[in-house]
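Have a look at the structure below before the remarks.
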Amino acid sequence: MSNRQLTFGEPEFFASSHIHDYCNNVRGLIRPLVSELHVSAEEMEAALKHVKSVNPHAFGLDSKVRAKLVAAHMRRASEAAEVICASAVRTYLSFRKHYVAEIDMTAKNRGRNFQFDK
């Protein structure tokens, strides 16, 4: 297991490019985890279903069911990471949608503190 540290960068939201870059950083860091978590769930289920059962009457079926139940949590983690990526993209698109008037207005007036540059 490695000691990788995820960081999205220091949030500075003083320009539209800052919002865009931050959302892209979130997506770029989380996106590879989606596949990794999904594959890990499959590997975990495959490994756990071969654990010998202590119940001789179940003929090993309980191991398969338990493996599926345990791996389902990892699959949900994969789905949650996918939601994070989609939400980061939606954040920037929502920003563009809700601030379209200000984006259009800054083309005429550059005297504001907040810069709409993307």
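Might you check whether a residue that is at pLDDT 95 or above, under 23 Å from the mean Cα position of the chain (by Cα) and within 30 Å of CYS23 (Cβ to Cβ) occurs anywhere in region 62-72? Within region 62-72, one or more residues are at pLDDT 95 or above, under 23 Å from the mean Cα position of the chain (by Cα) and within 30 Å of CYS23 (Cβ to Cβ).
Considering only residues that are of a type in the set (S, T, N, Q) and at pLDDT 80 or above, look in region 75-118 and name the one that is most open to solvent (accessible area, probe 1.4 Å). If you could, list the steps in order and put the result at the bottom.
Residues of region 75-118 of a type in the set (S, T, N, Q): 78, 87, 91, 94, 106, 109, 113, 115.
Next cut, at pLDDT 80 or above only: 78, 87, 91, 94.
On the way: SER78: 8, SER87: 50, THR91: 74, SER94: 49 Å².
Within region 75-118, the match that is most open to solvent (accessible area, probe 1.4 Å) is THR91.
The values are calculated or read from the model by the stated rules, or taken from the named source; none is laboratory data. The model shown is predicted, which means the values in this text are computed figures rather than measured ones. FYI the Cβ positions are ideal-geometry reconstructions off the backbone, even for glycines, and counts take in every protein chain you see. Heavy atoms of the whole protein, side chains included, go into the accessibility calculation; ligands, DNA and RNA do not. Shrake-Rupley method; radii C 1.70, N 1.55, O 1.52, S 1.80 Å.
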